[in-house]
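Single-structure report; data block below.
The values are calculated or read from the model by the stated rules, or taken from the named source; none is laboratory data. Since the structure is predicted, the reported quantities are computational estimates derived from the model, not experimental observations. Quick reminder, even Gly has a Cβ in these numbers, built from the backbone with ideal geometry, and neighbours come from all protein chains shown.
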Amino acid sequence: MGRKFGYLFLCVFVWGCFPAGRDFSTAPIRDIQANATTRTQIFGAFGEPMEQGMETGGYETWTYYYVIYGLGGVQTRKQLQVTFNKDNTVRSYSFTSK
């Protein structure tokens with residue numbers, strides 16, 4: 001009986017926690033500067049964005065996120081959103097985490 005409970009616990013643990021998005025280093029975030037950091041530098045630091053969009057005024061946005069869901073809900077969350085000027089420099093960015 002104990003062995004069956006152990007297998008059940010292992011299955012729930014393994015299947016109960018799953019990631020969404022792609023993990024990324026937060027260290028380069030402190031180097032981002034509005035009107036100076038380029039789109040190429042953002043791509044070099046974080047890779048391909050998980051989502052791309054457009055804000056009012058035609059400003060392109062890139063979003064990076066990584067979430068780990070567990071049995072109790074969200075265990076870990078990181079999100080970086082970068083908005084670019086028309087000259088391909090960073091207009092603004094925001095980072096949130098849990």
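A few points about this structure:
- Some residue of the stretch 20-38 being in a strand (DSSP E or B), under 27 Å from residue 69 (Cβ atoms) and at pLDDT below 85: no
- Applying the criterion of being charged (D, E, K, R) and either under 21 Å from residue 98 (Cβ atoms) or out of contact with any Ser or Thr (no Cβ under 9 Å at 6 or more places or on another chain) (or both) to the residues of the stretch 23-82, the residue that is surrounded by the most Cβ atoms within 10 Å (Cβ to Cβ) is 78.
- Number of the condition not met by residue 44 [criteria: (1) under 20 Å from residue 31 (Cβ atoms); (2) in a strand (DSSP E or B); (3) without any contact (Cβ under 8 Å) to a residue 12 or more places away in the chain]: (2)
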